[in-house]
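Any read-out appearing in this document is the output of simple, stated calculations on the displayed coordinates, not a laboratory observation. Just so we're clear, the structure is a prediction, and the values are computed from it rather than from any experiment. Counting neighbours? That spans all protein chains shown, and the Cβs are built from the backbone with ideal geometry, glycine included.
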Amino acid sequence: METAAQQIPLEHFLVLSAILFSLGVYGVLTRRNAVLILMSVELMLNAASINMVAFAAYTAPEAFIGIIFAIFIITVAAAEVGLALAIILRIFRNRQTANVDEVNQLRW
Amino acid sequence: MTAAQGVFYVIAALAVAGGLGVVLMRSTVYAALFLILAMLAVAGIYILLASEFLALVQVLIYGGAVTVLLLFALMLTRTGDLPETMTGAQWPAAALCCALLVSLLIAAVATSNWPGDAAGQIAIVPFEALGEALFRQWAVPFEIASLVLLVALVGAIVLAQQEEGE
């Protein structure tokens with residue numbers, strides 16, 4: 001297959017993925033709106049996908065397993081977003097709130 | 001610094017700015033728009049990694065469908081005129097944990113011996129080979145993924161439909 005000169009070191013992509021992942025973790029821990037927590041999870045999934053594709057491009061490009069993995073991550077994330085939003089809508093219909101702090105009636 | 005590295009820094013800055021906007025913005029709609037920025041920046045990263053098909057899929061599905069779905073959900077779960085949101089009370093501890101996590105990950109990246117540095121070539125994946133692999137070698141996960149989508153579709157419809165008395 002064609003090749004292009006590799007001018008960006010692999011670590012750059014890994015550091016970017018680490019930063020995005022940590023931002024996603026911060027969002028999941030801090031945000032109080034359920035939809036915003038979902039957005040932070042999407043950020044984490046994207047960071048993991050960057051990691052996969054970077055490793056595929058730099059270490060084993062003929063097998064492109066990382067790209068296949070990233071395609072499946074996108075697919076499963078899309079399914080998960082649809083289902084999670086249906087759950088959030090249901091909760092909103094019952095409790096009139098999307099704030100996860102106020103949905104605490106099953107707590108000990 | 002080569003042109004490719006300059007482009008990478010610009011796209012990475014956009015992605016991190018999008019991520020910061022998602023987790024820090026008070027307005028929920030602005031957070032969703034910053035998520036779109038982050039998704040498009042990640043698509044740019046995929047183009048830098050020579051997988052254009054994945055960048056296309058990212059823009060279409062994430063930037064198109066997923067963020068529109070999230071915006072619809074934000075619209076349907078509003079409790080007031082101004083879509084604002086609070087930050088949890090434990091945000092200093094969360095910031096500390098995430099700073100620890102990112103420093104741990106960057107330390108692991110910096111001190112590891114990654115292969116492929118001395119090669120000097122990045123391979124451009126031909127589209128036909130990707131499609132062939134997806135339908136031959138990865139056919140079973142492909143079908144399972146379509147099953148997952150079907151189950152999610154049915155589940156979302158069942159969960160979100162109106163009940164009898166509403």
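Taken over the protein assembly as shown, the percentage of Cα pairs per 5 Å bin, counting from 0 up to the bin with the maximum distance, is 1, 6, 12, 16, 17, 16, 13, 9, 6, 4, 1, 0, 0, 0.
Annotation for A:GLU11 and B:ALA65: the two label points, set 7 Å from Cα along the Cα-Cβ direction, are 3.9 nm apart. To the nearest whole percent, what portion of all C-alpha pairs in chain B is separated by more than 19 angstrom? Every Cα pair in chain B considered, those over 19 Å come to 74 percent. Note on chain B: GNM, Cα springs under 10 Å; of B:ALA108, B:ALA31, B:ALA15, the largest mean-square fluctuation is that of B:ALA108. Scanning chain A for GluC sites (Glu not before Pro) in DSSP loops with at most 14 neighbouring Cβ atoms within 10 Å leaves A:3-61 as the longest stretch between them. Please say if the stretch B:27-75 is rounded, prolate or oblate, where rounded means a/c under 1.5 for a ≥ b ≥ c the square roots of the C-alpha gyration tensor eigenvalues, and otherwise the choice is prolate for a/b larger than b/c and oblate otherwise? Judged from the Cα gyration tensor, the stretch B:27-75 comes out oblate (a/c at least 1.5, b/c at or above a/b).
In this simple spin-label approximation, B:ALA108 and A:ALA60 carry label points 7 Å from Cα along the Cα→Cβ vector, and these lie 1.9 nm apart. Converting the Cα gyration tensor eigenvalues of the stretch B:120-162 into ellipsoid dimensions via √(5λ) gives semi-axes, longest first, of 35, 13, 7 Å. Dipole of chain B computed with +1 at Lys/Arg Cβ and -1 at Asp/Glu Cβ about the Cα centre; of B:SER146, B:GLY19, B:VAL102, farthest Cα towards the positive end is B:VAL102. Give me the angle, in degrees from 0 to 90, between the Cα long axis of helix A:65-95 and the longest principal axis of the Cα atoms of chain A, rounded to the nearest 10. It is inclined by approximately 10 degrees. Computed from label points 7 Å out along Cα-Cβ, the spacing between B:LEU101 and A:ILE73 is 1.4 nm. Between helix A:10-30 and chain A, what is the angle of the helix's C-alpha long axis to the longest principal axis, kept within 0 to 90° and rounded to the nearest 10? Long axis of A:10-30 versus the principal axis of chain A: about 0 degrees. Based on Cα atoms of chain A, Rg over Rh with Rh as the Kirkwood radius reads 1.13. The Rg/Rh ratio for the stretch B:1-41 is 1.13, where Rg is the radius of gyration of the alpha carbons and Rh is the Kirkwood radius. Across the stretch B:34-44, computed HN-Hα scalar couplings (Karplus, 6.51 cos²θ - 1.76 cosθ + 1.60, θ = phi - 60°) run 5, 5, 4, 4, 5, 5, 5, 5, 5, 4, x Hz from first to last residue, x flagging Gly and Pro.
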